[in-house]
1. Within straight cross-link reach of K70, meaning Cα distance under 29 Å, which lysines are found once same-chain residues fewer than 8 apart are removed?
2. With a/c under 1.5 counting as rounded, go ahead and sort region 4-206 into rounded, prolate or oblate using the C-alpha gyration tensor (a ≥ b ≥ c being the square roots of the eigenvalues; past the cut-off, prolate if a/b is larger than b/c, else oblate).
3. Any chance you could give the angle, 0 to 90 degrees and rounded to 10, that helix 242-252 forms with the longest Cα principal axis of the chain?
4. Could you work out how much longer the chain between A231 and L217 gets when fully extended? Use 0.36 nm per residue separation minus the Cα distance between them, nm to one decimal.
5. Taking the DSSP beta bridges in the chain as the whole, what percent of them are antiparallel, to the nearest 5?
6. Students often check this: by mean Cβ neighbours within 10 Å, which of 140-152, 13-25 ranks highest, and how do the rest follow?
7. Cα gyration tensor of region 171-279, axes a ≥ b ≥ c as square roots of the eigenvalues: rounded (a/c below 1.5), prolate (a/b > b/c) or oblate?
8. Against the longest alpha carbon principal axis of the chain, how many degrees, from 0 to 90 and to the nearest 10, is the axis of helix 31-41 turned?
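Coordinate-derived values only; no laboratory data. Everything numeric in this text was worked out from a predicted model, so none of it was measured. Reconstructed Cβ throughout: ideal geometry from the backbone, glycine too, with neighbour counts over all protein chains shown.
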Amino acid sequence: MTSVARLCPRQPRRFRPLAGVRITTLAVNLPGPAAAARLRALGAEVLKIEPPSGDPMAQMSPALYRAMHKGIRVQTLDLKTAAGQAALDAQLQHSDLLFTAFRPAALKRLRLDKRSLAARHARLSAVCVLGYPGAQSHLPGHDLTFQAEAGLIDSAQLPSTLLADMMGAMLVVEAALGALLQARTLGKGVWLEVALSDAAGFAAVPRALGMTAPGSLLGGALPEYAVYRCADGLVAIAALEPHFRQALFAVAQGGTRRHLSRWCKAHTAADLTALAGQHDLPLWAWTA
């Protein structure tokens, strides 16, 4: 299982390249807060502004919400009121970067569209999280629909993780860093948009090119790149490189799919983990 500690990059304690950078985010749900958490870990000061109803993530998964908001100050403002918009404008006067996750019509109503924002805050950069790019930016969507459109769903089962949202968060971080660098060069703010449908499409590239299709190189053709049952769980083996493959076949005393299957079933997850350490094998075993 992935630890919540992995939500933020593991860097030396003094690695804080964004120290002094001030980010204000209005983005609720997952991609915006995930991106903000990673930028906070790099030293940025982050203020999250939430509507009176709060962030839906806090109701859906309090644990995920807490993990995403460590070290981030949260303030409640009603941006549908003049007072709320005035308070936001005061905050943006001292911000380097703004995150939003509204569709274009909502941005315009809140006077946070590109033209309105530039008129009031010329040096402020913005990264807007959208479902779809360009002319489709008004369309609704969520991680599930983005994954389906990218061809990442094969059955009626729900996907095991929110791939589009998390990949989208990484693209938001990339956009944020780029915007901050270019704004320093230009002396004025930069407006960038990140579409979650594009994030899902990017994650799907290896599959779209056939690398993971059934029977392909990474889709079951190689016995040394597969998931097997072990005595008390499962083991993922990824011995692609020749030296890893040779080491695996030597330890297992065989290299056919049937042989590796029998070898795995004869060992517990702990046994296989120990063998991996002893023989430098790229595998991960777990009880299930």
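1. Of all the lysines, those that pass the test against K70 - Cα under 29 Å, at least 8 places apart if same chain - are K48, K80.
2. rounded
3. The angle comes out at about 50 degrees.
4. 2.4 nm
5. If I count the DSSP bridges inside the chain, around 35 percent turn out antiparallel.
6. Packing order, densest peptide first, comes out as 140-152, 13-25.
7. Taking the square roots of the gyration eigenvalues as a ≥ b ≥ c, region 171-279 is prolate.
8. 90 degrees
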